[in-house]
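These notes are about the structure you will find just below.
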Amino acid sequence: MHIARRLSEAIGSWLHYEFCCYRAGLFSEDSLKAAVGGVLSSFPIITKGARVYANFPHESLNPLRKAGRKREVDFALILAGAGLPKKGAQIVVETKWAGSSHCRPENIFQDFLRLAAIKRDDPNATCIFLLAGNERDVSSVLQNMPFRSEGKTNCGIRSSGRNCRLTLDPSNTSHRSYFGDVIGGLSSDGFKVPESFVSRAHGLHPRQTDVGTVDFQAIAWEVLEISSQFINPTLWS
């Protein structure tokens with residue numbers, strides 16, 4: 001089973017189990033992250049001594065040496081310790097709880113770009129974005145950017161289960177509106193934003209029934225490929 005599918009099925013199943021136990025009132029982004037960490041800790045390790053870390057300051061997310069807290073990826077399965085480089089991850093995961101104040105199109109897109117940065121420097125890493133939450137909230141998120149754009153052609157990240165290349169286009173109104181500030185902020189911090197990246201969705205789980213008995217779902221994407229060309233940030237200002 002693919003890592004992204006295993007995560008989406010495990011988290012979706014956990015959500016339904018907790019719901020059946022009358023614990024849905026405890027759901028939040030924090031409880032989601034605790035469940036994701038538990039699932040990731042069950043994955044076989046490739047490098048002896050590797051384990052799962054939450055809020056890991058991967059060096060790809062911190063291209064410039066700056067004072068203050070480093071940028072972090074939500075989870076990394078990696079060999080880490082004093083004197084070891086903060087790269088070479090086996091799996092990295094960013095998570096969002098649908099319906100939370102953090103689950104905005106700009107923040108989701110930024111998570112994908114952060115995963116793309118890690119994938120560029122750690123090409124063997126499996127880079128996953130996981131979305132979970134109430135079925136209505138998840139459906140609403142998937143109907144909007146960055147997953148679906150306006151117009152006849154969807155210029156967003158698809159959730160169809162097929163490989164999808166998102167090519168950043170400054171002439172696209174939706175792209176400029178939702179991506180412009182993120183691109184500007186990351187570029188000013190030393191990020192080289194790729195012109196495009198390829199991702200693939202694995203999910204939804206559990207599937208909604210004909211009579212609408214599923215209340216919570218999860219879906220995950222893997223970032224597969226990063227273009228070798230970078231955007232010109234001045235075109236987005």
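A few comments on the model shown:
- Residue match in segment 1-15 (condition: closer than 15 Å to residue 76 by Cβ and either assigned to a helix (DSSP H, G or I) or of a type in the set (Gly, Ala, Ser) (or both)): yes
- Count of residues meeting criterion [part of a loop (DSSP other than H, G, I, E, B), on the phi < 0 side of the Ramachandran plot and open to solvent by less than 70 Å² (accessible area, probe 1.4 Å)] in segment 118-159: 11
- Test: residue in segment 194-208 that is surrounded by 13 or more Cβ atoms within 10 Å (Cβ to Cβ), at pLDDT below 90 and either in a loop (DSSP other than H, G, I, E, B) or among the polar types (S, T, N, Q) (or both): yes
- Candidates in segment 64-85 are the residues that are of a type in the set (A, V, I, L, M, F, W, C) and more than 18 Å from residue 52 (Cα to Cα); of these, the one that is modelled with the highest pLDDT is 64.
- Taking segment 122-167 as the range and being modelled with pLDDT of 85 or more, hydroxyl-bearing (Ser, Thr, Tyr) and within 28 Å of residue 14 (Cβ to Cβ) as the test, the residues that pass are 126, 139, 140, 159.
- Close pairs from segment 162-176: first surrounded by fewer than 16 Cβ atoms within 10 Å (Cβ to Cβ), partner in a loop (DSSP other than H, G, I, E, B), Cβ under 9 Å, at least 6 apart: 165/227; 167/155; 167/195; 167/227; 173/149; 173/150; 173/151
- Candidates in segment 34-62 are the residues that are within 13 Å of residue 93 (Cβ to Cβ) and among the hydroxyl-bearing types (Ser, Thr, Tyr); of these, the one that is most open to solvent (accessible area, probe 1.4 Å) is 41.
- Given (1) in contact with a helix residue (DSSP H, G or I) (Cβ under 6 Å, 6 or more places away or on another chain); (2) closer than 16 Å to residue 225 by Cα; (3) charged (D, E, K, R), index of the condition residue 169 fails: (2)
The values are calculated or read from the model by the stated rules, or taken from the named source; none is laboratory data. If you're wondering where the values come from, they're calculated on a predicted model, not measured in any experiment. Methodologically, a virtual Cβ is constructed for each residue, glycine included, from the backbone with ideal geometry; neighbour enumeration extends over all protein chains shown. We work out accessible area using only protein heavy atoms, side chains counted, and drop any ligands, DNA or RNA first. Shrake-Rupley method; radii C 1.70, N 1.55, O 1.52, S 1.80 Å.
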